[in-house]
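The values are calculated or read from the model by the stated rules, or taken from the named source; none is laboratory data. Here the structure is a predicted model, which means the values were calculated and not measured. Virtual Cβ from ideal backbone geometry, glycine too; neighbours counted across all protein chains shown.
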Amino acid sequence: MTRRTFHMDRILIAESNTELASQLRGVFADANNYPMSCDTIKKTRTMLECEEWALVLVDEKMTDGSGLDLLEYISEGIIVIMILAEDTKLNEDGLRGYGVADYIKKPFNPIVLKAKVGTQLQKKHTRFDDGSSARFDALGVAFPEFMVGDKTVYIDKYEFDFDHKEYKYKEKNIMLGDLEQCLLKLLVENRGVVLKKNTLMERLNAELGKEIDGDILAETVQVLMQKLHAFRYIKTIFGIGYMWTAYKDM
């Protein structure tokens, strides 16, 4: 007989509209959920550091800044659902790059939002109950065809053979240093994913046995972009990290 697991989920609501926040707390408060709310980014960051959360609802427009600024401080494994402004310029592809699981646009029915939250939490519990392992600390979901194991990767006019350390652009060989090669491999293997700066530095330190700080990382990203003419592909996500964009291969 299959054992059924029950979960009490802590939900953090980052919402500057106190009336809406109160309404959402009432909607989510039941035997399975424990909601709390914060009306500023600063308070939300404090709660993220002090408590463990299953899911965070983040309003795009907080009184003290953009809700996107919070994403850097949300630990891997916590579900994020964005509450978007009616006149938002963000789209589904952009949110996916930030690792946002789902979103809802104002004005909205709180019951619809509760259903979205319930769906995401159910997915989370199913993964954990099945013994699934945690993924690399990044924002988003990597494209499987670019994960470790592919001998050569082809993207547009690029050809990357990581096994033999051979890299080409428009059929011309590109010479890359060890740090540049390691960074490129991490970016390409996680195509379409924003890789956090701290995680990249830790991985590069471990791979190369060298102390890589934020300045060295930023400089290496710029050098890599120039050598590969990859300004279209390598993007800096301000305050969070870097990514190789998910353009369709031609």
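Please verify whether Lys61 is more than 18 Å from Ile104 (Cα to Cα) and either of a type in the set (D, E, K, R) or under 19 Å from the mean Cα position of the chain (by Cα) (or both), treating the condition exactly as stated. The answer is no for Lys61. Residue count for the range 162-179, restricted to those that are farther than 26 Å from Lys210 by Cα and in contact with a strand residue (DSSP E or B) (Cβ under 9 Å, 6 or more places away or on another chain): 5. Would the range 191-202 turn up any residue that is charged (D, E, K, R), crowded, with 20+ Cβ neighbours inside 10 Å and at pLDDT below 85? Within the range 191-202, one or more residues are charged (D, E, K, R), crowded, with 20+ Cβ neighbours inside 10 Å and at pLDDT below 85.
Restricted to strands (runs of 3 or more DSSP E) entirely inside the range 1-101, those with at least 3 residues that are within 21 Å of Lys196 (Cα to Cα) and not charged (D, E, K, R) are 55-59, 79-84. Gly209 fulfils the conditions (1) modelled with pLDDT of 90 or more; (2) at positive phi except for a single criterion, (1).
Report whether or not Asp161 is under 25 Å from Leu68 (Cα atoms) and without any contact (Cβ under 8 Å) to a residue 12 or more places away in the chain. Judged against the criteria, Asp161 is not a match. Of all residues in the range 164-184, those being outside any strand (DSSP E or B) and crowded, with 16+ Cβ neighbours inside 10 Å number 8.
Only one of the listed residues (Phe160, Phe143) is aromatic (Phe, Trp, Tyr), at pLDDT below 90 and out of contact with any Asp or Glu (no Cβ under 7 Å at 6 or more places or on another chain). That residue is Phe143.
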